[in-house]
Amino acid sequence: LPLVAAAPLLGLMLGLEPQAQAGVAASLLAGTPALTLLGAIGAALTAGMRRGGLLMAVLILPLTTPVLIFGVSTAAAASGGTVPFHTPLLILCALSLATIAGAPFAAAAALRAREA
């Protein structure tokens, strides 16, 4: 959340146009919940393991790739790319909504399986 708040200020420092700054902030705002909740799933899967960091990276990185791709696509479209801005933003919002709906159940199942 601090990065989302700081994005317009950093955009000013980099000389981005106001429309591009708004697009970058929107992509950060839409993609942050998805990445956070995917991290929660990875933390639940590796809870209690001694060296779970590498396992978490191997399990979660393939799931974060679409979020990162559509986030970059949204930011590029905001700064004058060839794709309309709303298309990757809507897909990014759909990915965030899907993780908001599914991540608590996946994390609970992972923790329950860890106990057994």
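The table below lists the values:
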item: Residues satisfying the stated conditions in the stretch 44-78, i.e. exposed (fewer than 14 other Cβ atoms within 10 Å of the Cβ) and polar (S, T, N, Q); result: THR65
item: Hits in the stretch 59-113 (condition: hydrophobic (A, V, I, L, M, F, W, C) and in a loop (DSSP other than H, G, I, E, B)); result: VAL83, PHE85
item: Search result, residues across the stretch 40-58 that are free of Cβ contacts under 8 Å to residues at least 60 places away in the same chain and part of a loop (DSSP other than H, G, I, E, B); result: THR46, MET49, ARG50, ARG51
item: Test: residue in the stretch 14-29 that is closer than 18 Å to ALA103 by Cβ, in contact with a helix residue (DSSP H, G or I) (Cβ under 9 Å, 6 or more places away or on another chain) and not charged (D, E, K, R); result: yes
item: Check on LEU61, within 26 Å of PRO2 (Cβ to Cβ) and within 10 Å of the chain's Cα centre (by Cα); result: no
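Quick note: the coordinates plus some simple rules give every number you see, no bench work behind them. In this text, all values refer to a predicted model and were calculated from it rather than measured experimentally. A quick note on method: Cβ atoms are made from the backbone with ideal geometry, for glycine too, and the neighbour counts reach across all protein chains shown.
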